[in-house]
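**Student:** Could you have a look at this structure, given as structure tokens, before my questions?
The values are calculated or read from the model by the stated rules, or taken from the named source; none is laboratory data. Predicted, not measured: the structure shown is a model, and the values here were computed from it. Please note: Cβ atoms are built from the backbone with ideal geometry, for glycine as well, and neighbour counts cover all protein chains shown.
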Amino acid sequence: MSKEFETVIGLEVHAELKTESKIFCSCSTAFGAEPNSQVCPFCAGFPGALPVLNEKVLELAIRTGIALNCEIPEYCKFDRKNYFYPDLPAAYQISQFDQPVCKNGYLEIDLDGEIKRIRINRAHMEEDAGKLVHQGDITTTPFSLVDLNRCGIGLLEIVSEPDMRSAREARAYLEKLRSILLFAGVSDCKMQEGSLRCDANISVRPAGQEELGTRTEIKNLNSFRSLERAIEYEARRHVEAIEDGEELLQETRTWDEEKQLTRSMRSKEEADDYRYFPDPDLPPLRISRERIEEIRRQMPELPDAAQERLVETYGLPHYDAAILTTTPDYLEFFDRVIKIYPDAKVVSNWMMSELNKYLNQSNLEISDCLLKPEKLAEMLQLIDDGTISGKMAKTVFAEMFNSGKSAPEVVKEKGMVQISDEKALSAIIESIVNGNPKVVEDYRNGKEKAFGFFVGQVMKATRGQANPAVVNKLLKEKLK
Amino acid sequence: MALSPEEVNHVAMLARLALSEDEKTAFAEQLSLILDYVERLNELDTGEVEPLIHILPVFNVLRPDEALPGSSQEEILSNAPLVEDGQYKVPRII
């Protein structure tokens with residue numbers, strides 16, 4: 001990326017709300033059902049069927065507004081956004097246009113210790129569209145299939161201000177937003193399943209210029225990685241176009257994950273006319289200040305507060321605290337281990353290294369993992385009381401993670417008990433030292449490295465089961 | 001207020017209507033008449049009047065978040081001209 005240009009990024013995030021039923025009808029929101037089995041005359045767009053707002057959707061929207069430091073106006077309403085597409089059977093989407101439920105909020109991202117505030121323009125309630133499945137190759141197939149199960153599921157669209165200046169900042173914003181929505185219990189935020197979706201608005205401008213450059217909107221960003229890559233690609237494309245004197249079009253583009261590039265979908269010139277008007281089928285909403293306070297009092301702990309708690313209570317570094325508060329399930333795991341095994345830094349290290357490694361490898365969520373926090377605590381105690389070494393613990397951990405067994409079970413099965421008995425170790429050390437007089441002499445003549453040779457030999461003789469601390473101590477005495 | 005041919009084209013495009021030249025001329029005239037009629041509202045001084053969002057003085061009509069069975073797949077698809085694998089089959093649109 002050329003230095004003389006600045007990238008300006010704003011994100012539009014759609015979060016599917018965690019409700020049992022859809023936003024305007026009572027159809028189920030369960031994921032993965034038979035196509036068109038969770039549909040009624042309303043969400044299939046049949047004439048005459050009327051919407052009634054799900055009270056939970058409103059509550060979750062207010063909760064989000066509180067979590068994102070938004071104003072929640074006393075009055076809001078729903079509007080119809082008109083456009084034709086086969087995934088939208090009514091030919092309009094019920095959304096909120098000029099009077100959204102939340103506005104003027106912000107969240108804070110941490111960039112290597114530097115806190116940056118990203119403003120949030122608004123968050124509004126709306127209904128999701130159905131799912132279009134293209135048969136075969138999208139460019140050649142004559143048909144698409146429509147499943148309306150998702151049509152009418154409640155969404156919150158959260159729109160940031162164009163406050164981000166790099167792919168990294170955009171990623172940090174999306175990660176933070178995801179954490180907040182998860183902690184607030186608003187959405188499952190599963191990007192793979194589409195319950196958290198992100199579009200990016202990108203423009204570039206010469207450094208120092210106030211006026212924004214021509215903006216493009218990138219869709220189909222299904223992971224943090226594709227968000228980052230798409231922004232990097234698109235910013236580069238803009239800079240190249242400007243430097244080559246080409247004209248940039250304001251348009252919607254799609255991210256092609258396979259080819260790692262963005263492609264034009266449609267130009268905004270004609271399409272951006274949704275002819276919004278108030279939905280006459282839905283009476284407006286009045287949100288009392290008492291109701292907001294009531295919801296505020298019931299708010300769960302949010303990531304920033306949880307992070308502070310970890311730093312204050314356990315003296316953890318901010319870095320650790322930020323990782324432990326990525327999701328509520330992750331934090332709960334930590335909180336449960338720490339109740340039994342109180343050394344926070346040790347717990348944090350094990351979670352950030354081994355646990356994360358295995359979770360990533362197996363593509364598991366922490367809530368689905370067989371290893372329970374109480375069992376990790378028990379394993380850490382076995383290290384402390386000398387039953388197993390830190391190195392053995394890694395093997396034990398792997399087995400616990402895969403089988404869900406307890407540490408004592410694994411240790412017993414594998415015959416992994418650490419030898420800390422000084423008498424037994426002394427005998428082994430004695431024979432090794434006696435068998436290597438040359439090395440002993442080297443060591444006594446100042447060749448420090450020779451010490452490592454003896455440790456290695458003892459470990460070999462005990463198949464790694466000797467307690468390293470005891471071996472060190474005994475060896476030093478012996479070689480004095 | 002006469003509607004220009006471009007405006008008629010634009011509205012027709014948004015509504016996905018293919019209009020013949022004759023229809024365009026005819027609709028331009030009719031739509032202009034309708035707009036003129038509605039335009040009469042602007043003769044009133046509404047400076048002191050709150051914008052009307054909804055006809056009835058009703059607010060906060062809500063229902064509990066409870067999932068209930070909807071229609072069956074068969075029922076919901078019974079009006080569809082084309083169906084495949086339990087889904088509506090439509091011409092490809094990108």
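**Student:** Could you tell me which of the residues A:Ala200, A:Ala184, A:Ala167 is under 21 Å from A:Leu324 (Cα atoms), touching a residue at least 60 places away in the same chain (Cβ under 8 Å) and assigned by TED's automatic domain parsing to the domain that holds A:Arg117? Quick ask: steps written out before the conclusion?
**Tutor:** Working: A:Ala200 fails: under 21 Å from A:Leu324 (Cα atoms); A:Ala167 fails: under 21 Å from A:Leu324 (Cα atoms).
Exactly one of A:Ala200, A:Ala184, A:Ala167 is under 21 Å from A:Leu324 (Cα atoms), touching a residue at least 60 places away in the same chain (Cβ under 8 Å) and assigned by TED's automatic domain parsing to the domain that holds A:Arg117, namely A:Ala184.
**Student:** Scanning for something surrounded by fewer than 23 Cβ atoms within 10 Å (Cβ to Cβ) and within 13 Å of chain B (Cβ to nearest Cβ), does the stretch A:102-125 turn up at least one residue?
**Tutor:** Within the stretch A:102-125, none of the residues are surrounded by fewer than 23 Cβ atoms within 10 Å (Cβ to Cβ) and within 13 Å of chain B (Cβ to nearest Cβ).
**Student:** Checking A:Val458 against (1) surrounded by fewer than 16 Cβ atoms within 10 Å (Cβ to Cβ); (2) modelled with pLDDT of 85 or more; (3) under 47 Å from the mean Cα position of the chain (by Cα), which single condition isn't satisfied?
**Tutor:** (1)
**Student:** Could you please find all residues in the stretch A:1-15 being surrounded by 20 or more Cβ atoms within 10 Å (Cβ to Cβ) and either among the hydroxyl-bearing types (Ser, Thr, Tyr) or within 14 Å of another protein chain (Cβ to nearest Cβ) (or both)?
**Tutor:** Within the stretch A:1-15, A:Thr7 is the sole residue that qualifies.
**Student:** Would you check which residues across the stretch A:422-439 are free of Cβ contacts under 8 Å to residues at least 40 places away in the same chain, closer than 16 Å to A:Lys473 by Cα and surrounded by 12 or more Cβ atoms within 10 Å (Cβ to Cβ) and list them?
**Tutor:** Residues satisfying the conditions are A:Ala424, A:Ile428, A:Ile432.
**Student:** Still on this structure, I have one more. Report those strands (runs of 3 or more DSSP E) wholly inside the stretch A:10-114 carrying at least 2 residues which are farther than 26 Å from A:Phe277 by Cα. Spell out the reasoning first.
**Tutor:** On the way: elements: A:79-82, A:92-95, A:102-111.
In the stretch A:10-114, the matching strands (runs of 3 or more DSSP E) lie at A:102-111.
**Student:** For the stretch A:121-131, does any single residue satisfy the condition of being out of contact with any Phe, Trp or Tyr (no Cβ under 6 Å at 6 or more places or on another chain) and more than 29 Å from A:Gly45 (Cβ to Cβ)?
**Tutor:** Yes, that holds for at least one residue.
**Student:** Oh, and also: Quick check on this structure: which one of A:Asn360, A:Asn349 is surrounded by fewer than 19 Cβ atoms within 10 Å (Cβ to Cβ), of a type outside the set (Gly, Ala, Ser) and modelled with pLDDT of 95 or more?
**Tutor:** Matching residue, one of A:Asn360, A:Asn349: A:Asn349.
**Student:** Collect the residues in the stretch A:281-295 that are exposed (fewer than 12 other Cβ atoms within 10 Å of the Cβ) and either among the aromatic types (Phe, Trp, Tyr) or within 30 Å of A:Gln93 (Cα to Cα) (or both), keeping them in residue-number order.
**Tutor:** Answer for the stretch A:281-295, where residues must be exposed (fewer than 12 other Cβ atoms within 10 Å of the Cβ) and either among the aromatic types (Phe, Trp, Tyr) or within 30 Å of A:Gln93 (Cα to Cα) (or both): A:Ser288, A:Arg289.
**Student:** Can you find a residue that is touching a Ser or Thr at 6+ places or on another chain (Cβ under 7 Å), outside the structural domain of A:Ser179 (by TED's automatic domain parsing), free of Cβ contacts under 8 Å to residues at least 40 places away in the same chain and in a helix (DSSP H, G or I) anywhere in the stretch A:342-351? Walk me through it before giving the result.
**Tutor:** Going through the stretch A:342-351, the residues touching a Ser or Thr at 6+ places or on another chain (Cβ under 7 Å) turn out to be none.
Checking the stretch A:342-351: not a single residue is touching a Ser or Thr at 6+ places or on another chain (Cβ under 7 Å), outside the structural domain of A:Ser179 (by TED's automatic domain parsing), free of Cβ contacts under 8 Å to residues at least 40 places away in the same chain and in a helix (DSSP H, G or I).
**Student:** Sort out which residues of the stretch A:289-304 are touching a helix residue (DSSP H, G or I) at 6+ places or on another chain (Cβ under 9 Å) and within 30 Å of B:Pro57 (Cα to Cα), and write them in order of number.
**Tutor:** First, pick out the residues of the stretch A:289-304 that are touching a helix residue (DSSP H, G or I) at 6+ places or on another chain (Cβ under 9 Å): A:291-292, A:295-296, A:298-304.
Listed by number, the residues that qualify are A:Arg291, A:Ile292, A:Ile295, A:Arg296.
**Student:** Inspect the stretch A:84-102 for any residue being farther than 19 Å from A:His14 by Cα and free of Cβ contacts under 8 Å to residues at least 12 places away in the same chain and give the result as yes or no.
**Tutor:** Yes, some residue in the stretch A:84-102 is farther than 19 Å from A:His14 by Cα and free of Cβ contacts under 8 Å to residues at least 12 places away in the same chain.
**Student:** Within the stretch A:225-240, work out how many residues are without any contact (Cβ under 8 Å) to a residue 12 or more places away in the chain and under 12 Å from A:Glu257 (Cα atoms).
**Tutor:** 1
**Student:** For A:Cys40, indicate whether it is touching a residue at least 40 places away in the same chain (Cβ under 8 Å), farther than 24 Å from B:Ala15 by Cβ and either away from chain B (no Cβ under 12 Å) or not polar (S, T, N, Q) (or both).
**Tutor:** no
**Student:** Can you pull out the residues in the stretch A:51-71 that are among the charged types (D, E, K, R) and in contact with a strand residue (DSSP E or B) (Cβ under 7 Å, 6 or more places away or on another chain)?
**Tutor:** A:Glu55, A:Glu71
**Student:** Now for a separate question. Go through the residues of the stretch A:33-46 one by one and say whether even a single one is hydroxyl-bearing (Ser, Thr, Tyr), surrounded by fewer than 24 Cβ atoms within 10 Å (Cβ to Cβ) and not assigned by TED's automatic domain parsing to the domain that holds A:Ala306. So that I can check it myself, show each step before the final result.
**Tutor:** Within the stretch A:33-46, the first condition is being hydroxyl-bearing (Ser, Thr, Tyr), and the residues that meet it are A:37.
Still in the list and also surrounded by fewer than 24 Cβ atoms within 10 Å (Cβ to Cβ): A:37.
If we keep only those that are not assigned by TED's automatic domain parsing to the domain that holds A:Ala306 too, we end up with A:37.
Checked against the condition, which is being hydroxyl-bearing (Ser, Thr, Tyr), surrounded by fewer than 24 Cβ atoms within 10 Å (Cβ to Cβ) and not assigned by TED's automatic domain parsing to the domain that holds A:Ala306, the stretch A:33-46 yields at least one hit.
**Student:** Another question, then. Against the conditions (1) modelled with pLDDT of 95 or more; (2) closer than 30 Å to A:Pro73 by Cβ; (3) surrounded by fewer than 18 Cβ atoms within 10 Å (Cβ to Cβ), where does A:Ala306 fall short? Just the number, please.
**Tutor:** In the conditions (1) modelled with pLDDT of 95 or more; (2) closer than 30 Å to A:Pro73 by Cβ; (3) surrounded by fewer than 18 Cβ atoms within 10 Å (Cβ to Cβ), A:Ala306 misses (3) alone.
**Student:** Looking at this structure, is A:Lys190 surrounded by 15 or more Cβ atoms within 10 Å (Cβ to Cβ), away from every other protein chain (no Cβ under 14 Å) and not aliphatic (A, V, I, L, M)?
**Tutor:** no
**Student:** Same structure, new question: Being within 11 Å of chain B (Cβ to nearest Cβ) and either crowded, with 21+ Cβ neighbours inside 10 Å or in contact with a Gly (Cβ under 7 Å, 6 or more places away or on another chain) (or both) is the filter here, so list the residues in the stretch A:57-86 that pass it.
**Tutor:** Listed by number, the residues that qualify are A:Val57, A:Leu58, A:Leu60, A:Cys76, A:Phe78, A:Asp79.
**Student:** Could we say that A:Val133 is facing chain B (nearest Cβ under 9 Å), closer than 23 Å to A:Asp256 by Cα, β-branched (Val, Ile, Thr) and in contact with a Ser or Thr (Cβ under 9 Å, 6 or more places away or on another chain) here?
**Tutor:** Yes: the conditions hold for A:Val133.
**Student:** Given A:Val8, A:Val57, which one is β-branched (Val, Ile, Thr), at pLDDT 95 or above and farther than 30 Å from A:Tyr233 by Cβ?
**Tutor:** Unique residue meeting the criteria: A:Val57.
**Student:** Tell me which helices (runs of 4 or more DSSP H) are completely within the stretch A:216-335 and hold 3 or more residues being closer than 30 Å to A:Phe84 by Cβ and either in the same structural domain as A:Ala61 (by TED's automatic domain parsing) or of a type outside the set (A, V, I, L, M, F, W, C) (or both), or say none if there are none.
**Tutor:** A:224-243, A:268-271
**Student:** Starting from residues that are surrounded by 20 or more Cβ atoms within 10 Å (Cβ to Cβ) and of a type in the set (A, V, I, L, M, F, W, C), keep the ones in the stretch A:205-239 and report whichever is modelled with the lowest pLDDT.
**Tutor:** Out of the qualifying residues, it is A:Leu221.
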